[in-house]
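Contents: one structure, followed by commentary.
The values are calculated or read from the model by the stated rules, or taken from the named source; none is laboratory data. Not measured: the values here are computed from a predicted model. For neighbour counting, all protein chains shown are included, and Cβ atoms are generated from backbone atoms with ideal geometry for every residue, glycine included.
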């Protein structure tokens, strides 16, 4: 039986990124797409609780089905796994290709990453792909063989992705990548995050912007370091955010 | 100088949980509240990108200021730190008290936890408090001394919380807790997540529900295990989700 590949993203169905990913995946398995009806960038692992979800099927061919869900990327995954796939468990989940990096701490805000975290919490192998270019009409040609190669390797080694998902970022604006690096997440934060403006009626409003500051710009293990140098970064992620390294230091805080 | 304590939550200002937390914090420092204007449960680390934010100040007393922001809990934190605090850096960030647990994998969907992750990414000490009761009129009396004690310990040992934030959960419906346990996050997932209904016009819609299934129900280190047994759980969390433990297993996947 051909593997079942479930695809989502956070930009929605009309973006070239997800269409490129669908084209790569179709020869490799049965493909079901469940993507957000509306743009969901920055939605992280958000879920819809106080309103119900609707799902709209737009393509229903042999081995290729497309749904849109009026919720977040995580809603798409949950509804697909619980309802839309008719009980069939996907062999592999793919997310993207996102228009814009999901590297460094931006990982925690990313709907693209929300998709793969939802999968790996259920031990379903999952890979997210993001390009450094935020343009809509980006040329994905340099990415095609890398994405195809990573998906083929994953499909032949699914057990390795039982407890870990892959966050793949690809540099923008270069025709040939230097290679593929296994990386960590660059920890840091944004500075000067808002552009404060005043509306015609004298009211204040604030637009998100900002520049990223790495905690350790010289660290040569992290995703942003290698992306800047023309390499594809592959960062394995897990769901658990428990800070095991801090347990001994915490005990004094709990003496109450 | 009194410490600056920044408080937020995901339920919004009108909930008793945040009011209780404000009452506990006021004797301990200058308090600035920046909470969402609308209910934001399940918003995770979501950020508002395509629309600007507005902030509304409702209280402006000596040592006590209250803002509401028409965004997510993470928006509240970002806007507070970049704009609303006038450049003053908080000594401690508090989130909650949430009406409902943020334990197990629900941690990744939680706006309450989004608040403290945003703080710790900037190395600002931060603690989230959640009660197991989802009722609005919960009696927080059993929680008061625990919360007060944890905050006082944190304020006298802020350096310990430079790279780690605390996720505190308190059991519902009991008058006296057994004690406080340092715990891990129970990994698992929800099953039977949607209630499929049909509207009067024949259209399908889906309500989120579901029951949590722990990967390892016998694991006696995790938060859900101890909460069930009447203990307060304190789980240290960090921002980084890099799966360092998987690096050696991943190298074969990257040979392309």
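Taking segment B:192-209 as the search range and keeping residues that are more than 8 Å from every other protein chain (Cβ to nearest Cβ) and within 19 Å of residue A:49 (Cα to Cα), which one is modelled with the lowest pLDDT?
First pass over segment B:192-209, keeping only residues more than 8 Å from every other protein chain (Cβ to nearest Cβ): B:195, B:198-202, B:209.
Still in the list and also within 19 Å of residue A:49 (Cα to Cα): B:195, B:198-199, B:209.
Details: B:195: 96, B:198: 97, B:199: 96, B:209: 93.
Applying the filter and picking the extreme gives B:209.
If you go through segment A:11-32 one residue at a time, do you hit one that is away from chain B (no Cβ under 14 Å), under 20 Å from residue A:107 (Cβ atoms) and part of a loop (DSSP other than H, G, I, E, B)? Step through it out loud before you land on a result.
Going residue by residue through segment A:11-32, those that are away from chain B (no Cβ under 14 Å) are A:13-23, A:25-32.
Add one more test, that the residue is under 20 Å from residue A:107 (Cβ atoms), and what stays is A:15, A:17-18, A:21.
Next, only the ones that are part of a loop (DSSP other than H, G, I, E, B) stay: A:15.
Yes, segment A:11-32 contains a residue that is away from chain B (no Cβ under 14 Å), under 20 Å from residue A:107 (Cβ atoms) and part of a loop (DSSP other than H, G, I, E, B).
Would you call residue A:92 more than 11 Å from chain B (Cβ to nearest Cβ), over 17 Å from residue A:227 (Cβ atoms) and touching a strand residue (DSSP E or B) at 6+ places or on another chain (Cβ under 7 Å)? Don't jump to the end; show me each part of the working.
Details: more than 11 Å from chain B (Cβ to nearest Cβ): yes; over 17 Å from residue A:227 (Cβ atoms): yes; touching a strand residue (DSSP E or B) at 6+ places or on another chain (Cβ under 7 Å): yes.
Yes: the conditions hold for residue A:92.
Across segment A:182-191, which residue is farthest from residue B:75 (Cα to Cα) among those that are more than 7 Å from every other protein chain (Cβ to nearest Cβ) and surrounded by 20 or more Cβ atoms within 10 Å (Cβ to Cβ)? Talk me through it step by step, then tell me what you get.
Quick first cut of segment A:182-191, residues more than 7 Å from every other protein chain (Cβ to nearest Cβ) only: A:183, A:186, A:188, A:190-191.
So of that shortlist, the ones also surrounded by 20 or more Cβ atoms within 10 Å (Cβ to Cβ) come out as A:183, A:186, A:188, A:190.
Values: A:183: 28, A:186: 21, A:188: 17, A:190: 13 Å.
So the residue we want is A:183.
From the list A:151, A:146, which residue is under 16 Å from the mean Cα position of the chain (by Cα), in a helix (DSSP H, G or I) and either touching a residue at least 12 places away in the same chain (Cβ under 8 Å) or more than 8 Å from chain B (Cβ to nearest Cβ) (or both)? Can you show your working first?
Numbers: A:146 fails: under 16 Å from the mean Cα position of the chain (by Cα).
The unique qualifying residue is A:151.
Of all residues in segment A:220-236, which are surrounded by 14 or more Cβ atoms within 10 Å (Cβ to Cβ) and either free of Cβ contacts under 8 Å to residues at least 12 places away in the same chain or within 12 Å of chain B (Cβ to nearest Cβ) (or both)?
Selection gives A:221, A:222, A:223, A:231, A:232, A:233, A:234, A:235, A:236.
Against the definition (farther than 22 Å from residue B:113 by Cα and surrounded by 12 or more Cβ atoms within 10 Å (Cβ to Cβ)), how does residue A:202 come out, yes or no?
Considered against the rule, which asks whether it is farther than 22 Å from residue B:113 by Cα and surrounded by 12 or more Cβ atoms within 10 Å (Cβ to Cβ), residue A:202 comes out as no.
With more than 26 Å from residue B:218 (Cα to Cα) and in contact with a strand residue (DSSP E or B) (Cβ under 8 Å, 6 or more places away or on another chain) as the only criterion, which of B:154, B:172, B:186 stands out?
Working: B:172 fails: more than 26 Å from residue B:218 (Cα to Cα); B:186 fails: more than 26 Å from residue B:218 (Cα to Cα).
The conditions single out B:154.
Every residue in segment A:85-100 that is out of contact with any helix residue (DSSP H, G or I) (no Cβ under 7 Å at 6 or more places or on another chain) and either closer than 21 Å to residue A:148 by Cβ or buried (at least 24 other Cβ atoms within 10 Å of the Cβ) (or both), please.
Our first condition is that a residue be out of contact with any helix residue (DSSP H, G or I) (no Cβ under 7 Å at 6 or more places or on another chain); within segment A:85-100, this holds for A:85-90, A:100.
If the condition is that a residue be out of contact with any helix residue (DSSP H, G or I) (no Cβ under 7 Å at 6 or more places or on another chain) and either closer than 21 Å to residue A:148 by Cβ or buried (at least 24 other Cβ atoms within 10 Å of the Cβ) (or both), then A:90 is the only one that fits.
Taking segment A:45-75, which residues are more than 8 Å from chain B (Cβ to nearest Cβ), surrounded by fewer than 24 Cβ atoms within 10 Å (Cβ to Cβ) and not in a strand (DSSP E or B)?
Passing the criteria: A:51, A:62, A:63, A:70.
Return the only residue of B:29, B:42 being surrounded by fewer than 23 Cβ atoms within 10 Å (Cβ to Cβ), touching a residue at least 60 places away in the same chain (Cβ under 8 Å) and closer than 20 Å to residue A:41 by Cβ. So that I can check it myself, show each step before the final result.
Working: B:29 fails: closer than 20 Å to residue A:41 by Cβ.
Step by step, each of B:29, B:42 is checked, and only B:42 is surrounded by fewer than 23 Cβ atoms within 10 Å (Cβ to Cβ), touching a residue at least 60 places away in the same chain (Cβ under 8 Å) and closer than 20 Å to residue A:41 by Cβ.
From the list A:168, A:213, A:239, which one is under 23 Å from the mean Cα position of the chain (by Cα) and at the interface with another protein chain (Cβ under 8 Å from one of its Cβ atoms)? Before the answer, list the steps.
Working: A:168 fails: at the interface with another protein chain (Cβ under 8 Å from one of its Cβ atoms); A:213 fails: at the interface with another protein chain (Cβ under 8 Å from one of its Cβ atoms).
When all the criteria are applied, what remains is A:239.
Identify the residue in segment A:105-122 that is touching a helix residue (DSSP H, G or I) at 6+ places or on another chain (Cβ under 6 Å) and facing chain B (nearest Cβ under 10 Å) and, among all such residues, is surrounded by the most Cβ atoms within 10 Å (Cβ to Cβ). Spell out the reasoning first.
In the first step, residues of segment A:105-122 are kept if they are touching a helix residue (DSSP H, G or I) at 6+ places or on another chain (Cβ under 6 Å); the result is A:107, A:111, A:113-115, A:118, A:121.
Within this subset, residues satisfying the condition of being facing chain B (nearest Cβ under 10 Å) are A:107, A:111, A:113-114, A:118, A:121.
Details: A:107: 28, A:111: 29, A:113: 28, A:114: 33, A:118: 30, A:121: 23.
Here the residue is A:114.
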